[in-house]
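Report on the structure given below.
The values are calculated or read from the model by the stated rules, or taken from the named source; none is laboratory data. Since this is a predicted model, take the numbers as computed values, not measurements. Using ideal geometry, Cβ is built from the backbone for each residue, glycine included, and neighbour counts are taken over all protein chains shown.
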Amino acid sequence: MKWLRNFELFKEAKTYSNKNLITEICVSMILINNEFLDSILDRGLKARYSENSSIFLTDLKNLLLAKNRLQLGKFVEGRCIEDDETSKINGLFDEVEFDIEKDWNVLVNARITARSIIDKVLPDTKLTSEDIKAVYWIGPNQDDDHQENIVIELDNGNQYSFFLNKNLSSQKTSSFNTFAEELIGQDLDLLFKQEYLPKWDKLTQEWVRILYENANKNIQLHIEKFIDPKRIESLGYFEYFDLRHSDHKYKHLGEFMKDFNKNILKFPDLMTEIWKNRDNCFMDPERIYSEWMETKIVILNSKILENLFTTSLKSNFVDDIKKLDDGFKSADGAVKMKLFKVLIDKMGCAERPVYYLSGNGSIFNHLPERDFFRKYYDDLKIKFDYHVNFSVSEEEENNDFKVKMILGLDDKKLLEMTIVIKFSHEMSGKLSTKYKFDLSSRFNYIIATKKTEGTEE
């Protein structure tokens with residue numbers, strides 16, 4: 001078990017970015033001791049490290065191992081605490097490559113980032129070293145639920161999570177079912193039943209037809225190994241994913257196809273390769289792209305997804321939706337609550353304030369704790385729209401189904417969230433959902449002002 005545990009620690013060490021490690025430790029130490037790095041950066045006292053930069057790394061590691069306010073952190077029941085199992089740290093530092101001359105900017109930017117935190121994290125005053133009880137470096141203890149880099153705990157017990165060199169507006173992806181179940185619940189079961197299954201069948205038939213009829217002759221011959229062209233017009237959606245190479249001798253491993261430099265057994269895999277390599281498979285790939293996108297927009301985006309959402313919402317929550325003059329719909333009651341949950345979850349709101357810093361601290365986004373949204377729920381307004389645009393765009397994502405949400409607080413716009421629903425790859429049989437955030441330039445100010453007003457009440 002000892003050796004197994006050591007191997008697990010070794011694997012953890014391999015997965016962590018070394019330059020990030022240096023930045024995160026240096027930022028943490030500057031918060032605890034504001035003059036940390038000053039002797040190196042300002043007074044030129046770097047000779048000790050210039051000849052052997054590994055000494056600098058050893059010093060950083062020893063700061064973590066020592067019993068001080070910089071601690072290895074882990075989350076237990078939503079709160080960050082010290083992790084006494086410091087043995088996992090050694091492997092991380094062993095993998096770091098650092099040269100104090102070549103990586104000088106890493107240290108400079110770490111100090112800039114730390115000073116940004118000092119100046120901005122508290123609304124009415126600067127953060128001082130004396131305010132800090134501990135800084136937890138998460139490092140090897142990051143998991144799916146806790147991706148932050150460091151956590152600051154103040155003497156009053158408040159904890160603040162920080163993402164360094166990460167923008168809140170970065171994209172997040174998840175399963176389509178997760179979003180749809182939250183919004184329309186059991187009506188998601190209708191997606192491949194009743195009136196929608198014939199539309200899926202039609203989408204499949206058009207997909208195969210467009211690619212087959214317009215493909216080069218050698219590509220057509222590949223398609224004919226899987227399906228008789230006469231059967232395309234009657235091909236069903238689920239049947240499509242079951243088709244295999246018709247030649248018995250290829251039934252296990254498939255046929256090696258030089259056009260794609262791989263073995264192909266399943267029909268959907270062949271069609272995926274054709275689409276990925278459409279510049280070589282079609283005489284006029286741009287026209288084929290436009291034809292398929294137009295088809296997908298009409299059938300998938302409009303007749304399936306838009307129709308499903310509209311029908312479900314109108315049937316179950318007609319009183320919670322009101323059409324606005326700007327083309328959006330206001331969300332109240334259960335619909336507001338559903339959309340709110342999606343937004344809060346995908347933004348990554350926690351039971352503690354979370355901060356996203358990018359551009360070495362020049363971009364500083366404060367994501368308030370969940371209690372903020374509970375407290376001011378009535379003052380927060382959501383409007384949404386998923387109207388399908390039938391024009392084909394050269395930008396592929398603009399041809400996917402989109403749900404746009406706008407969150408406002410006291411009639412002031414806080415942010416936009418765009419939800420893009422698309423196949424993981426064309427006609428893959430799996431829909432994915434991508435979330436993108438666009439924050440108002442006054443996001444932090446509006447949040448801080450509301451908190452101040454709430455304190456005064």
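Tabulated data
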| quantity | calculated |
| --- | --- |
| Extreme residue, modelled with the highest pLDDT, among residues of the stretch 384-422 that are more than 29 Å from His366 (Cβ to Cβ) and part of a helix (DSSP H, G or I) | Asn399 |
| Test: residue in the stretch 196-204 that is under 22 Å from Pro285 (Cβ atoms), surrounded by 14 or more Cβ atoms within 10 Å (Cβ to Cβ) and not small (Gly, Ala, Ser) | yes |
| Leading residue by the ranking (nearest to Leu221 (Cα to Cα)) among those in the stretch 245-262 that are loosely packed, with under 14 Cβ neighbours inside 10 Å and touching a strand residue (DSSP E or B) at 6+ places or on another chain (Cβ under 6 Å) | Phe256 |
| Within the stretch 206-255, considering residues that are touching a helix residue (DSSP H, G or I) at 6+ places or on another chain (Cβ under 6 Å) and among the small types (Gly, Ala, Ser), the one nearest to Pro268 (Cα to Cα) | Gly236 |
| Sole exception among (1) modelled with pLDDT of 85 or more; (2) polar (S, T, N, Q); (3) part of a loop (DSSP other than H, G, I, E, B) for Ser39, by number | (3) |
| Where a residue in the stretch 218-233 is exposed (fewer than 13 other Cβ atoms within 10 Å of the Cβ) and its partner, wherever it lies, is of a type in the set (D, E, K, R), with Cβ under 8 Å and at least six apart | Asn218/Asp259; Glu233/Arg209 |
| Contacts under 8 angstrom Cβ, first residue in the stretch 371-392 being under 18 Å from Ala448 (Cβ atoms), partner among the β-branched types (Val, Ile, Thr), 6 or more apart | Phe372/Ile447; Phe373/Ile344 |
| Flag if Leu367 is on the phi < 0 side of the Ramachandran plot and in contact with a Cys (Cβ under 7 Å, 6 or more places away or on another chain) | yes |
| The stretch 156-177, residues that are modelled with pLDDT of 90 or more and either within 14 Å of the chain's Cα centre (by Cα) or basic (Lys, Arg) (or both) | Phe163, Phe176 |
| Any hit, the stretch 113-136, residues being basic (Lys, Arg), surrounded by fewer than 19 Cβ atoms within 10 Å (Cβ to Cβ), assigned by TED's automatic domain parsing to the domain that holds Ile22 and in contact with a Phe, Trp or Tyr (Cβ under 9 Å, 6 or more places away or on another chain) | yes |
| Criterion violated by Ser28 - all others in (1) closer than 14 Å to Asp99 by Cα; (2) polar (S, T, N, Q); (3) within 31 Å of the chain's Cα centre (by Cα) satisfied | (1) |
| Subset of the stretch 46-78 (residues that are farther than 18 Å from Leu21 by Cβ and among the acidic types (Asp, Glu)) | Glu51, Glu77 |
| Boolean, Lys434 is among the basic types (Lys, Arg), at pLDDT below 95 and closer than 30 Å to Phe267 by Cα | yes |
| Residue pairs meeting the criteria (Cβ under 7 Å; at least 6 apart or on separate chains; first over 30 Å from Met271 (Cα atoms), in the stretch 398-425; second outside any strand (DSSP E or B) and of a type in the set (Gly, Ala, Ser)) | Lys413/Ser440; Leu414/Ser440; Leu415/Ser440 |
| Count of the stretch 341-363 residues which are under 24 Å from Gln159 (Cβ atoms), touching a residue at least 40 places away in the same chain (Cβ under 8 Å) and hydrophobic (A, V, I, L, M, F, W, C) | 6 |
| Scan of the stretch 123-156 for residues that are free of Cβ contacts under 8 Å to residues at least 12 places away in the same chain and within 17 Å of Tyr356 (Cβ to Cβ), ordered by number | Gln142 |
| Condition broken by Asp269, with the remaining ones in (1) closer than 21 Å to Ser302 by Cα; (2) at pLDDT 95 or above satisfied | (1) |
| Residue within the stretch 21-29 that is in contact with a helix residue (DSSP H, G or I) (Cβ under 6 Å, 6 or more places away or on another chain) and outside any helix (DSSP H, G or I) present | no |
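Matching residues to (1) more than 21 Å from Lys172 (Cβ to Cβ); (2) assigned to a helix (DSSP H, G or I); (3) out of contact with any Pro (no Cβ under 7 Å at 6 or more places or on another chain); (4) modelled with pLDDT under 95:
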residue	(1), (2), (3), (4)
Asp326	yes, no, yes, yes
Lys338	no, yes, yes, yes
Lys341	no, yes, yes, yes
Ile344	no, yes, yes, yes
Glu351	no, no, yes, yes
Leu357	no, no, yes, yes
Phe364	no, no, yes, yes
Phe373	no, yes, yes, yes
Ile382	no, no, yes, no
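A quick yes/no check of all residues on (1) among the basic types (Lys, Arg); (2) in contact with a Gly (Cβ under 6 Å, 6 or more places away or on another chain); (3) free of Cβ contacts under 8 Å to residues at least 40 places away in the same chain:
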position: Lys46; (1), (2), (3): yes, no, no
position: Tyr49; (1), (2), (3): no, no, no
position: Ser53; (1), (2), (3): no, no, no
position: Val76; (1), (2), (3): no, no, yes
position: Glu85; (1), (2), (3): no, no, yes
position: Glu95; (1), (2), (3): no, no, no
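Let's see how each residue does on (1) farther than 30 Å from Trp207 by Cα; (2) loosely packed, with under 15 Cβ neighbours inside 10 Å; (3) assigned by TED's automatic domain parsing to the domain that holds Glu181:
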| residue | (1), (2), (3) |
| --- | --- |
| Val354 | yes, no, no |
| Gly359 | yes, yes, no |
| Asn365 | yes, no, no |
| Phe384 | yes, no, yes |
| Val403 | no, no, yes |
| Asp411 | yes, yes, yes |
| Ile419 | no, no, yes |
| Lys434 | no, no, yes |
